[in-house]
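The values are calculated or read from the model by the stated rules, or taken from the named source; none is laboratory data. Keep in mind it's a predicted model, so treat the numbers as computed, not measured. Every residue, glycine as well, gets a Cβ built from its backbone with ideal geometry; the counts of neighbours run over all protein chains shown.
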Amino acid sequence: MKTVACLAFLAVPLLAAPVQISITPKPSHDVPRSLHGLFFEDINYGADGGLYAELVQNRSFEHAESLYAWSPVSRNAQGTLSVSDDKPCHPQNPHFARLDVKVPGEGFGISNEGWDGIVLDPGANYFVSLFARHAAGKGKLIVRLVDETGSPLAESSIPALGKDWKRYELTLKSSRKADHAKLEVLSAAPGITDLDVISLFPENTWNHRKNGLRQDLVKVLKDMKPGFLRFPGGCIVEGRTLDNAYRWKETIGDIAARKQNKNRWMDAVNLKAPQYYQSYGLGFFEYFLLCEDIGAEPLPILNCGMSCQFQNAEKVPVGQLQPYIQDALDLIEFANGPTTSQWGAKRAAMGHPAPFHLKLLGVGNEQWGPEYLERYKPFQAALKSKYPDVQLVMATGPRVDDGHWKLIMDQTRKGLPADILDEHYYCPPDWFLANADRYDRYDRKGPKIFAGEFAAHVAGLKSSLQAAIAEAALMTGILRDSDVVSMASYAPLFAKKDHTQWTPDLIFFDNRRVCLTPSYHVQALFSQNRPDAILPVTLAGNNPAADASAAKGATKRLYVTAGIDRASREIILFVVNPGNQAEEASISLNSGSFAKGTGTRIVLASNSPDAVNTLDSPDAVKPRSEEFPVDGGAITTSFAADSLTILRVK
Ligand code: AHR
C-alpha cells in the first residue's frame, strides 16, 4: 500500500551543501528493451535439483555411482538389485536398474531420496513416468510415495509389463505434506524387471508444463521483467575437457534420449560436489520456452571448440571445427527454421511449430588469446554468411582491462568484425564505484557491450547490501551508457542451500523457499523501472567527501542517471549513495518544471551495509515504495547511506 510520507527517509545529520542535480528533459538516446537480463548457469544446483522441477535424482542411473540416490526396498520380499547395460531403452542412456525377484511378497524394488528429500503438498498431484520391461512379459509394478518413516502417502500400480521397453505414466496424489518423502518403485512379480528414466514431477510446474520448471523460481525471474536470458552458462559451456563440454543437440528430444553429462562444477571446491550431473532435462528447448514464458530474448552461448582455459584448455584444431560450427548453424535453424527444415521439424515435434525468433548467439564463454580469435573467425564467417541478422556475442576473457581483454579491444578497433563484446567483472565494491563511468569513455562507433557477468565481491563473499549498492552505482553507468551497453546481467543467478560452489549469487533457495538478495532487488528495480530513453543530467557539488564518510573507491557523492517513461510521462531518476552518511540533493529541470501532484519514491536501504537476506529472514532488505508531494519547484530530498533510490515524477 502506498502512503504519503515525509521526504526524509532514514535521515541522519547532513554535513555538506546539497548536490545540485539538473535534468535536461530532452532525451539523448533510447534505452534498449533488452538492457537488463539474466545469466543462467547450472552451477550451485541451479538446474537439476533447482529450477528444473524433476523430483528424482539420478533418474537414468547414469552417475558414475549408478545407484547414487537410490536404495533397495523390500516389503516382505526377496530379490536383488543390480545395474545393467544389456539392451538399454536408449543407447544414449546405457545403464538401468535390474530387479531380480525371487519372492515378490508385497514388492521388491528401489527407492529414490530426491534432492535432500522429496517435498510434497497435501492433495497435490504428482506425475510419474518410467520405462520398464519384464523378462517373461509378466511384470507388475507398485509405485508409491512414502514419508521418511516409510508410511505411504500415495500408491498406484502398473498391472501388466511386457517384454520390451515401454514408457508408463501414472498420477499420484499426496495425502499429506512431506519434506523428506521418497519415491518407491516395486516389482510385485517374480523374475527380472528392468527400470529406467524414473521421473516424478509436480503437476504444479510453471504454466503446468510437462517436464517443467519450479513455479516459485520462474516467478521471481519473471518478476524481474528480464530483457534477455543467457543460457546455459558460463564455464559449463566450455566443460573441463571437450568431452564434458555442453553440446545442445544432446539436450533435446525425449528425456530418455538425452545424454547425461558430468556437471563442470562437480568437484569444483575440494571435491565437494562429486555427484553433480546434468540430466539435460532442462535442455535447449526448455530454455527457449522459458524465454517465451518470461518475455526474455533468448541468448544461447555455444562452445567454440575449446574447453575451459582455466582447466584443461583443450582445443579442437582450427581445421576440424566444422561440427561445432554446424551445431551453431543448426541451432539457428532449430530456433527459427520452418517446420519443413531438418531442425525446425525437431522443434515442431517437441510441440512448438512457431519459431522462437532467435536474434542473439554467443560463440564461446570467457575465452581468450589468439587461440580464441582463430576459432571465432570461422564461426563468424559461416554464421554471418547464412544468418547475417543474428547478432554474435564475442568473449573478451575472464576480466576487463587485462591483457586478454585488451587484445580483443585492439582487434575490434583494427577492424575485426564483432557485434557485441561480452565483458565479465567479479570485483570488490570499490572497483564498481571507480568504474561506474567506464562506459562513458567507450567508442560509440565500436561494437556494443554485453556486461555479461558481474557481481561485487565483498570480504566473506556475502550477498550484502554493500555489494548491491556498489552494483547499483555501476548500473547507473550502464543505464546512462545504454547506447553502447546493450545488455547486462549479474552472475551467477541461483544457489541452492548446502549445494553452493560459488558465492555471492542473486537468488538463494531450498526445496521450498526462495530468498531474494539485495543484489536481486537492485537488478529488479533497474529492470522494472527501465526508462524508454535517457535524459542528460548535470551535477554540481558532487565530489566525494574527503573524510571517512565516503565509500572506498567512490568518485562522487551520488551516482545519478535519469530517463523518461514516455507512456506515463514520468521522469525516472536513479540515485545511489554508497557513502555511510545521508546525502542531500536538490533536483530540478533545466527547462520546464515538474508537474504538481505526487511522485513515487522507491528506496532500497537498511541500517547496515552488511545487511543480508537469508532463507529464514528473506525480507530484511527489500525495497519500500512511498508517494511524496511535488509542488512543481525543485525537489530537495535526502538519500540514505548505502542506498538506491528511484524517484518517478511527472
Ligand atoms: O558465474 C560463475 C562463473 O564465472 C562462470 O561460469 C564463468 O563464466 C565465470 O568464470
Looking at the stretch 360-376, which of the residues that are away from the ligand (no atom under 16 Å from the Cβ) and of a type in the set (Asp, Glu) is surrounded by the fewest Cβ atoms within 10 Å (Cβ to Cβ)?
-> Glu374
Would you check if Thr500 is in a loop (DSSP other than H, G, I, E, B) and among the polar types (S, T, N, Q)?
-> yes
Looking at Arg480, is it closer than 24 Å to Ile236 by Cα, touching a strand residue (DSSP E or B) at 6+ places or on another chain (Cβ under 7 Å) and away from the ligand (no atom under 16 Å from the Cβ)?
-> no
Scan the stretch 582-593 and report the pairs whose first residue is hydroxyl-bearing (Ser, Thr, Tyr) and whose second residue is part of a loop (DSSP other than H, G, I, E, B), with Cβ atoms within less than 6 Å and a gap of 6+ or a chain change.
-> Ser586/Pro18; Ser586/Ala634; Ser588/Ala634; Ser593/Gly632
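Inspect all residues belonging to the stretch 435-442 and state whether any of them is closer than 27 Å to Ile564 by Cβ, of a type in the set (Asp, Glu), assigned to a helix (DSSP H, G or I) and away from the ligand (no atom under 16 Å from the Cβ).
Looking for residues that are closer than 27 Å to Ile564 by Cβ, of a type in the set (Asp, Glu), assigned to a helix (DSSP H, G or I) and away from the ligand (no atom under 16 Å from the Cβ), one finds at least one in the stretch 435-442, hence yes.
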Regarding Ala335, is this residue within 25 Å of Gly227 (Cα to Cα), hydrophobic (A, V, I, L, M, F, W, C) and assigned to a loop (DSSP other than H, G, I, E, B)?
-> no
Being within 13 Å of the ligand (Cβ to nearest atom), in contact (Cβ under 8 Å) with a residue 40 or more places away in the chain and closer than 20 Å to Gly37 by Cβ narrows it down to one of His424, His457, so name that one.
-> His424
Residues that are over 16 Å from Ile478 (Cα atoms), crowded, with 23+ Cβ neighbours inside 10 Å and in contact with a strand residue (DSSP E or B) (Cβ under 6 Å, 6 or more places away or on another chain), drawn from the stretch 556-581 = Arg557, Asn577
Among the candidates Leu361, Leu299, which residue alone is outside any helix (DSSP H, G or I), modelled with pLDDT of 95 or more and touching a Gly at 6+ places or on another chain (Cβ under 8 Å)?
-> Leu299
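Confirm whether Ala382 is more than 16 Å from the ligand (Cβ to nearest atom), surrounded by fewer than 21 Cβ atoms within 10 Å (Cβ to Cβ) and not in a helix (DSSP H, G or I).
Answer is no for this residue.
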Meets criteria (more than 20 Å from the chain's Cα centre (by Cα) and surrounded by fewer than 19 Cβ atoms within 10 Å (Cβ to Cβ)) for Lys406 = yes
Listed residues Gln367, Gln342; which is in contact (Cβ under 8 Å) with a residue 40 or more places away in the chain and over 30 Å from Gly460 (Cβ atoms)?
-> Gln367
Members of the stretch 49-62 found to be out of contact with any Gly (no Cβ under 7 Å at 6 or more places or on another chain) and either under 30 Å from Cys515 (Cα atoms) or among the hydroxyl-bearing types (Ser, Thr, Tyr) (or both), listed by number | Gly49, Gly50, Leu51, Asn58, Arg59, Ser60
Inside the stretch 242-271, the number of residues satisfying the requirement of being in a loop (DSSP other than H, G, I, E, B) and within 16 Å of the ligand (Cβ to nearest atom) is 9
For Asn607, work out the one condition from (1) over 22 Å from Ala436 (Cβ atoms); (2) more than 30 Å from the chain's Cα centre (by Cα); (3) of a type in the set (S, T, N, Q) it doesn't fulfil.
-> (2)
For residues that are buried (at least 22 other Cβ atoms within 10 Å of the Cβ) and assigned to a helix (DSSP H, G or I), tally how many sit in the stretch 196-238.
-> 5
Inspect the stretch 491-503 for any residue being closer than 25 Å to Pro578 by Cα and either touching a helix residue (DSSP H, G or I) at 6+ places or on another chain (Cβ under 7 Å) or without any contact (Cβ under 8 Å) to a residue 12 or more places away in the chain (or both) and give the result as yes or no.
-> no
Please find, within the stretch 397-434, the residue that is farthest from Gly364 (Cα to Cα) out of those that are in a helix (DSSP H, G or I) and among the acidic types (Asp, Glu).
-> Asp430
